[in-house]
Amino acid sequence: MADDQPDGTGAEPEAGSKSTEPGEPDRAAVRDTYDRIASHFASTREYPWPEVEAFVDDHGSLEAPTVGLDLGCGNCRHAELLADVPDLETVVGVDASRGLLETGRERAGEQGFDVELCQGDASTLPLADGTVGLAVYVATLHHLPTASVRRASLDELARVLSPDGRALVSAWSTAHDRFDADGTEGFDTTVEWTLPGGETVDRFYHIYAPEEFERQLERSDLEVVDWELSSGNCYATVAGADGSVR
């Protein structure tokens, strides 16, 4: 369910945040939302983020053949980057939305790259311990509707990362000027998606305060290598619990 930067990069202008506090959705509701908008949403997400390109360039030299993971893969624009990494034997794309996975399958066929697609939950990944050498988990964490599920998804990412593996994690942040917020805690909201014809669909978000994002990573089983704010997003490069941070 990978989304885009809050500043509108990647055809986001039709989306607008609401200031009202939404009712807490369950994960099925979040999945159903993205099934509903999948085709139109994917059509506006053509290009990979520069931050993801830089991460893959910096960490794409692996010590041994391993697995690449695009968690919340959407239409697989970032799985396509992973598919070009020579030492990745397999690239796996996981998303809760079957509709978005179909758009990823179409992209892989059109662009000629290989990806194994799996409908799954970010908090219970269908992968063995220590098998992933390179992962991207971008603009998906903030769609998980509770703090406990978000934490569980980070712990799962730590579990599947190999000792030398690295992952890039990102989430929308209160640091962006579209959000009238400050302090050390984030908030839940909805952001509208406008379909062709004018129908709007609310999408759940947890908007992270930067301090909260860093704190949740530190309390998870991941080890933080570095993190930054970019284009209104929090980004962190992380290792698994047994990773040697360098």
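Conditions tested, residue by residue: (1) farther than 21 Å from residue 123 by Cα; (2) acidic (Asp, Glu); (3) open to solvent by less than 10 Å² (accessible area, probe 1.4 Å).
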{"residue": "172", "(1), (2), (3)": "no, no, yes"}
{"residue": "183", "(1), (2), (3)": "yes, no, no"}
{"residue": "191", "(1), (2), (3)": "yes, no, yes"}
{"residue": "198", "(1), (2), (3)": "yes, no, no"}
{"residue": "212", "(1), (2), (3)": "no, yes, no"}
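Each row is one residue, and each column tells you yes or no for (1) without any contact (Cβ under 8 Å) to a residue 24 or more places away in the chain; (2) within 28 Å of residue 38 (Cα to Cα); (3) part of a strand (DSSP E or B).
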residue	(1), (2), (3)
198	yes, yes, no
202	no, yes, yes
205	no, yes, yes
211	no, no, no
216	no, no, no
227	yes, no, yes
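Conditions first: (1) among the small types (Gly, Ala, Ser); (2) free of Cβ contacts under 8 Å to residues at least 40 places away in the same chain; (3) buried (at least 21 other Cβ atoms within 10 Å of the Cβ). Residue 148 passes all but one, so which condition is the exception?
(3)
Quick check on residue 112: is it on the phi > 0 side of the Ramachandran plot and without any contact (Cβ under 8 Å) to a residue 24 or more places away in the chain? Outline the logic, then answer.
Values: on the phi > 0 side of the Ramachandran plot: yes; without any contact (Cβ under 8 Å) to a residue 24 or more places away in the chain: yes.
When the stated conditions are applied, residue 112 passes them.
Do we find that residue 221 is within 23 Å of residue 130 (Cα to Cα), in contact (Cβ under 8 Å) with a residue 40 or more places away in the chain, acidic (Asp, Glu) and in a loop (DSSP other than H, G, I, E, B) in this structure?
Values: within 23 Å of residue 130 (Cα to Cα): yes; in contact (Cβ under 8 Å) with a residue 40 or more places away in the chain: yes; acidic (Asp, Glu): yes; in a loop (DSSP other than H, G, I, E, B): yes.
The answer is yes for residue 221.
Among the candidates 146, 140, single out the residue that is under 11 Å from the mean Cα position of the chain (by Cα) and of a type in the set (S, T, N, Q).
On inspection, the qualifying residue turns out to be 140.
Could you list all residues from region 84-102 that are out of contact with any strand residue (DSSP E or B) (no Cβ under 9 Å at 6 or more places or on another chain), part of a loop (DSSP other than H, G, I, E, B) and closer than 13 Å to residue 70 by Cβ?
84
Quick check on region 103-113. Is at least one of its residues crowded, with 24+ Cβ neighbours inside 10 Å, outside any loop (DSSP other than H, G, I, E, B) and not charged (D, E, K, R)? I'd like the intermediate steps shown before the answer.
Going residue by residue through region 103-113, those that are crowded, with 24+ Cβ neighbours inside 10 Å are 104.
In the following step, the residues that additionally are outside any loop (DSSP other than H, G, I, E, B) were identified as 104.
Next, from what is left, pick out any that are not charged (D, E, K, R): 104.
Checked against the condition, which is being crowded, with 24+ Cβ neighbours inside 10 Å, outside any loop (DSSP other than H, G, I, E, B) and not charged (D, E, K, R), region 103-113 yields at least one hit.
Exactly one of (1) surrounded by fewer than 18 Cβ atoms within 10 Å (Cβ to Cβ); (2) at pLDDT 90 or above; (3) of a type in the set (S, T, N, Q) is unmet by residue 75. Its number?
So residue 75 meets the others, but not (1).
Tell me, please, whether a residue that is assigned to a loop (DSSP other than H, G, I, E, B), touching a residue at least 24 places away in the same chain (Cβ under 8 Å) and of a type outside the set (Asp, Glu) can be found in region 152-162.
As a first pass, look at region 152-162 and keep what is assigned to a loop (DSSP other than H, G, I, E, B): none.
Checking region 152-162: not a single residue is assigned to a loop (DSSP other than H, G, I, E, B), touching a residue at least 24 places away in the same chain (Cβ under 8 Å) and of a type outside the set (Asp, Glu).
Could you tell me which residue of region 214-238 is most open to solvent (accessible area, probe 1.4 Å), considering only residues that are among the aliphatic types (A, V, I, L, M) and under 16 Å from the mean Cα position of the chain (by Cα)? Talk me through it step by step, then tell me what you get.
At the first step, the residues of region 214-238 found to be among the aliphatic types (A, V, I, L, M) are 217, 222, 224-225, 229, 236, 238.
Those left that are additionally under 16 Å from the mean Cα position of the chain (by Cα): 217, 222, 229, 236, 238.
Details: 217: 2, 222: 10, 229: 88, 236: 1, 238: 0 Å².
Among residues in region 214-238 that are among the aliphatic types (A, V, I, L, M) and under 16 Å from the mean Cα position of the chain (by Cα), the one most open to solvent (accessible area, probe 1.4 Å) is 229.
Could you tell me whether region 34-55 includes any residue that is touching a residue at least 40 places away in the same chain (Cβ under 8 Å), in a loop (DSSP other than H, G, I, E, B), closer than 19 Å to residue 99 by Cα and not hydroxyl-bearing (Ser, Thr, Tyr)?
yes
Every residue in region 113-158 that is in contact with a helix residue (DSSP H, G or I) (Cβ under 7 Å, 6 or more places away or on another chain), under 24 Å from residue 53 (Cα atoms) and of a type in the set (D, E, K, R), please.
114
The values are calculated or read from the model by the stated rules, or taken from the named source; none is laboratory data. This is a predicted model, so every value here is computed, not measured. All Cβ positions, glycine included, derive from the backbone under ideal geometry; neighbour counts span all protein chains shown. The protein model used for the area step is the full one, side chains on, heavy atoms only, and it has no ligands, DNA or RNA in it. Shrake-Rupley method; radii C 1.70, N 1.55, O 1.52, S 1.80 Å.
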